[in-house]
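Below you'll find the structure, written out as structure tokens, and then a few comments.
The values are calculated or read from the model by the stated rules, or taken from the named source; none is laboratory data. Note that the structure is a prediction, hence the values are computed from the model and not measured. Please note: Cβ atoms are built from the backbone with ideal geometry, for glycine as well, and neighbour counts cover all protein chains shown. When the accessible area is computed, the model is the full protein with side chains, heavy atoms only, and any ligands, DNA or RNA have been set aside. Shrake-Rupley method; radii C 1.70, N 1.55, O 1.52, S 1.80 Å.
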Amino acid sequence: VTPSPGPLSWNDSAWTPYSGCSAPPGTKILVLVHGMASSVEGAYDNDGKQVTINGKPDYCVNQIKNLAGTNASGQPTYGQVVGFDYDWTTDIGTGSGAAFASFLNQLATTCKNQIDIEAHSEGGPVAASGVLQASPNTQALITNFVGLGNPWAGTPTASGATTVQGYIPFTTML
């Protein structure tokens, strides 16, 4: 399923369309990026279904958020959790990575909070491309990048598709 590309906000129980910065000053923003053939909704909250973790029903996103603890002022470390759905069928450099860079620049301009990124699978290369394309001011706000099973050296799924789509018989090339 190709998600509808764009940013989302987590409200502790559901993903909603991103409507701007709600992170209090002194807190961080956590940005979650999904993998190939997925979405933030499917990858980080099990499509709206709670899971039981340590005997307590909750959403995966809340567990990630809560593990960060609180800051020196007693506020949650993450004042806002956002997700970024990208079209995994587009080119990373000019498509999904560029779109992610644009969103990161928007976050940095409107929030000015530190940003942490957690990216699963293809979301890692998409996020890395976005970070590299983001403005220097945005890059300065990114403090942590967590990659979960990222295909830095490629993946057979993508490689197989590329081989089939780019196949030219040897005799045709002659």
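Out of all DSSP beta bridges with both ends in region 15-127, state the antiparallel percent to the nearest 5.
So the antiparallel bridges in region 15-127 amount to around 25 percent.
What do you get for the angle between helix 156-165 and the principal long axis of the chain? Use alpha-carbon atoms, 0 to 90 degrees, nearest ten.
Around 40 degrees separate the two axes.
Which angle from 0 to 90°, rounded to the nearest 10, does the C-alpha axis of helix 97-110 make with the longest principal axis of the chain?
Helix 97-110 and the main axis of the chain meet at about 20 degrees.
Net charge within 13 Å of residue 99 by Cβ-Cβ distance, Lys/Arg positive one each and Asp/Glu negative one each, not counting residue 99 itself? It would help to have the intermediate numbers written out before the result.
Working: positive: none; negative: 85, 87, 91.
Residues close to residue 99 contribute a combined charge of -3.
From the square roots a ≥ b ≥ c of the eigenvalues of the alpha-carbon gyration tensor of region 31-120, which class results: rounded (a/c under 1.5), prolate (a/b over b/c), or oblate?
oblate
Given a 10 angstrom Cα cut-off, can you work out which residue in 88, 15, 152 is the most mobile in a GNM of the chain?
Of 88, 15, 152, the most mobile in the Gaussian network model is 152.
Taking a label point 7 Å from the Cα of residue 68 along the Cα→Cβ vector, which residues of region 24-51 have an amide N closer than 15 Å to it?
Only 24-33 fall inside the zone, counting backbone N under 15 Å.
For the chain, with a Gaussian network of springs between Cα atoms less than 10 Å apart, report the residue from 94, 143, 52 with the top mean-square fluctuation.
Between 94, 143, 52, it is 52 that shows the largest mean-square fluctuation.
For the pair residue 22 and residue 50, how long in nm is the line joining their label points, each one 7 Å along Cα→Cβ?
Simple spin-label model gives 1.9 nm for this pair.
Taking 7 Å along the Cα-to-C-beta vector as the label spot, tell me the residue 4-residue 37 distance in nanometres, rounded to one decimal.
If labels sit at residue 4 and residue 37, their model points lie 2.4 nm apart.
Just how much of residue 47 is accessible, in Å², when a 1.4 Å probe is used and the result is rounded to the nearest 10?
100 Å²
Could you work out the local net charge near residue 27, counting Lys and Arg as +1, Asp and Glu as -1, over the other residues with Cβ closer than 12 Å to its Cβ?
Working: positive: 28, 65, 112; negative: 116.
Cβ neighbours under 12 Å give a net charge of +2.
Given a 1.4 Å probe and every protein chain left where it sits, what share in percent of the accessible area of the chain is carbon and sulfur?
57 percent
Specify the residue with the greatest mean-square fluctuation among 40, 126, 51, computed from a Gaussian network of the chain linking alpha-carbon atoms under 10 Å apart.
Per the Cα network of the chain with a 10 Å cutoff, 51 tops the list.
Accessible area per residue for the chain in Å², computed with a 1.4 Å probe and the full protein assembly in place, what is it? Let's see the in-between values first.
On the way: 9070 Å² over 174 residues.
Per-residue value: 52 Å².
Counting helices only, and only those DSSP H runs with n ≥ 4, report the 222 nm mean residue ellipticity of the chain as the sum of -39,500 (n - 2.57) divided by its residues, in deg cm²/dmol to the nearest 500.
On the way: 7 runs with 58 residues, N = 174.
One gets -9000 deg cm²/dmol as the mean residue ellipticity at 222 nm.
To the nearest 20 debye, what charge dipole does the chain have about its Cα centre, counting +1 at the Cβ of each Lys and Arg and -1 at the Cβ of each Asp and Glu?
Numbers: 5 positive and 11 negative charges, 69 e Å.
Its charge dipole is roughly 320 debye.
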